[in-house]
Structure formats: C-alpha cells, structure tokens
Amino acid sequence: TKRGVYLITAVDRLVGLCGEFQRIALSATIEPPEKVAGFVAGFRLTGGVRNPNYEPRPIAIVHSEIKKQYELHVSFPGEEKDEGKVDSVWDPVVRELKEIISRNRSTLIFVNSRRLCEMLTLMINQDEEEPMAYAHHGSLSLEIRSEVERKLKAGDLRAIVATNSLELGIDIGALDEVVLVQSPFSISSAIQRVGRSKHQVHQVSRGILYPTHPKDLLE
C-alpha cells in the first residue's frame, strides 16, 4: 500500500543518517511472508560512490504454526409486522443484541456506517436504567473515543457499537464476543473484526453475523 511504501522509504532514509540497525516486522495476516520480508529488509549499498552496488539484506522469518479457530453463527431475524407501524428488521435485532450484551462481560458490535452506529446505540439504550452501549466512530472526538475505550477495558461498560474505527490496533481489553450487524465489505475485514474476540493464543474467537436483508444474507 502507499502507507507501507511511505514507511519503508522513511526507514531507509534513517540508514543514511545513523547507519544500519535491526528491523523487526510483526503481522498476523500478511501473505506471502517471504515477499513482505524482502520488502522490509530492502537493499544495502556496497561498493564505493562511483561504483555503487546493491544487495538484499539478510532476513529470517519466524512463522507460527498455530491455527486460529473461529466460532461463527449467522442469524437472520426477519422483519416484524405490527399494526400502525412500518415493517422493521431492527426491533428483533436489537432484542437479540441486548440478550448478547447481558450474557457477556464485554461485547463489541460492528456496523458499516456512522448513522447505523448512532441508531443502534440509541435503540439498545432505550428503556434501560443505565446505558448498555456507547457509540464509537471517526466523527467523535479523540477524547470521547478514548474514554469509551477506557470504560470498556475497565469493565465499566458492557458494549461498544463501532464502525471500522475499532477494527485494528486499539487495545480495549478482553472481549467475550463480536457481533457484525450487516455483512462487512470484505472477508479480511470480517476476520479482523471477529478476531478481536478472545484475542489470545489457543482461544476461540466468537462472532455472530446479523444480515438485515436477503442479499446481505447471501453475502
């Protein structure tokens, strides 16, 4: 990616400023590792300025043979029909989300848009004495997002409803279960999201997918 190219050119500029140094790259998803390792190691300059020569830096690959286990379920609640009320798929989904949140210490619910994030958070907390879930997305300030992350990690909050703002990299502590409302945009995104549950060695990551219409169910 462009971000990776920018990173490695910055690393190679440091070589000219401070000399060679050890490089360590960590990844849970990169394939194939041999190609990426060559990219990370790069080339070193040998010979003089007038007759420059470049050769690949040596690099070793340490590869774990542990296979990550997933427990996935797909639930399609369907629509509810009530007199004087527009057909809605969200009421049965929210009921099930509340049951999931109640049985876990910590639950992370992923959605694909900020609008849906705010709507589901409102519906989950409706008629509750205390908020069960907080919203987390890119439009919220850094201070609010950090406080939401801290509350979940400390056990002061049962659930977060998030967009891809919590898909990667942020330590929010141990998660019992991950819920995906609507199919994510790619398989790799689904793996990243569900993998946040039970994110320890030999632990089984648990996830439930809630498609909200027939095409979503097929995906």
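General observations
- Screening the candidates 99, 130, 147, 71 for the property of being in contact (Cβ under 8 Å) with a residue 12 or more places away in the chain and of a type in the set (Asp, Glu) yields one hit, 71.
- Residue 40 within 33 Å of the chain's Cα centre (by Cα) and open to solvent by less than 60 Å² (accessible area, probe 1.4 Å): yes
- The listed residue being open to solvent by less than 40 Å² (accessible area, probe 1.4 Å) and of a type in the set (A, V, I, L, M), out of 66, 124, 59, 144: 124
- Residue list for region 196-216, filter: among the charged types (D, E, K, R) and without any contact (Cβ under 8 Å) to a residue 24 or more places away in the chain: 215
- Residues of region 185-197 satisfying the condition of being under 14 Å from residue 162 (Cβ atoms) and open to solvent by 20 Å² or more (accessible area, probe 1.4 Å): 192, 196
- Check on residue 6, within 27 Å of residue 139 (Cα to Cα) and of a type outside the set (A, V, I, L, M): yes
A quick yes/no check of all residues on (1) touching a helix residue (DSSP H, G or I) at 6+ places or on another chain (Cβ under 9 Å); (2) surrounded by 10 or more Cβ atoms within 10 Å (Cβ to Cβ); (3) of a type in the set (D, E, K, R):
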position: 4; (1), (2), (3): yes, yes, no
position: 18; (1), (2), (3): no, no, no
position: 22; (1), (2), (3): no, no, no
position: 47; (1), (2), (3): no, yes, no
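- Restricted to region 101-113, and to residues there that are crowded, with 20+ Cβ neighbours inside 10 Å and touching a Ser or Thr at 6+ places or on another chain (Cβ under 8 Å), the residue that is farthest from residue 194 (Cα to Cα) is 101.
- Test result for residue 116, hydrophobic (A, V, I, L, M, F, W, C) and either touching a Leu at 6+ places or on another chain (Cβ under 6 Å) or open to solvent by 80 Å² or more (accessible area, probe 1.4 Å) (or both): no
The values are calculated or read from the model by the stated rules, or taken from the named source; none is laboratory data. Here the structure is a predicted model, which means the values were calculated and not measured. Note: ideal-geometry Cβ built from the backbone for every residue, glycine included; neighbour counts use all protein chains shown. Quick note on the areas: whole protein, heavy atoms, side chains included, nothing else; ligands and nucleic acids left out. Shrake-Rupley method; radii C 1.70, N 1.55, O 1.52, S 1.80 Å.
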